[in-house]
Amino acid sequence: MSHRQGHALILAGAGSGKTTCAVNRVANLINSGLPPRYVLMLTFTNKACSEMRERLLHLIDGEAVGTPNILTFHKFGYRLLLRQPTRMGRNVAPSILNEAEPQRLLNNILKAEGFRAKHEQENWQTLYAWL
């Protein structure tokens, strides 16, 4: 039995065959004529994206034009923000911060608002717990 119409959400535990199920479904759809650019597969890790892409490319006909969109949730969201920043209420594209930058930015805001420097770490922890 195959599900060929509409969206599909696959939720299951580790090692249960989610990737195999999703990749086989997409391969069947592409091999039946669905243009690969209409495919969006989302996962959580870059490793899973690479695995899905590799498996899918082995299953689809070489004549399929284009490549499917296989992305992490984070990359998908970032691409949405990059494409239409004004629709998201912004006038510039977003940037990605490394691990240290959020704390540095918050400390600058706290200083600008009059918090004393010797309490920066304490202020950060209090604000972080509040968020």
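Figures for the structure shown
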quantity: Convex hull volume per residue in cubic angstrom - Cα atoms of segment 1-102; calculated: 151
quantity: Simple spin-label estimate for residue 47 and residue 103 in nanometres, 7 Å along Cα-Cβ; calculated: 2.6
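Rule-based calculations on the coordinates, nothing more; no lab input. What you see is a predicted model; the values in this text were computed from it and never measured. Reconstructed Cβ throughout: ideal geometry from the backbone, glycine too, with neighbour counts over all protein chains shown.
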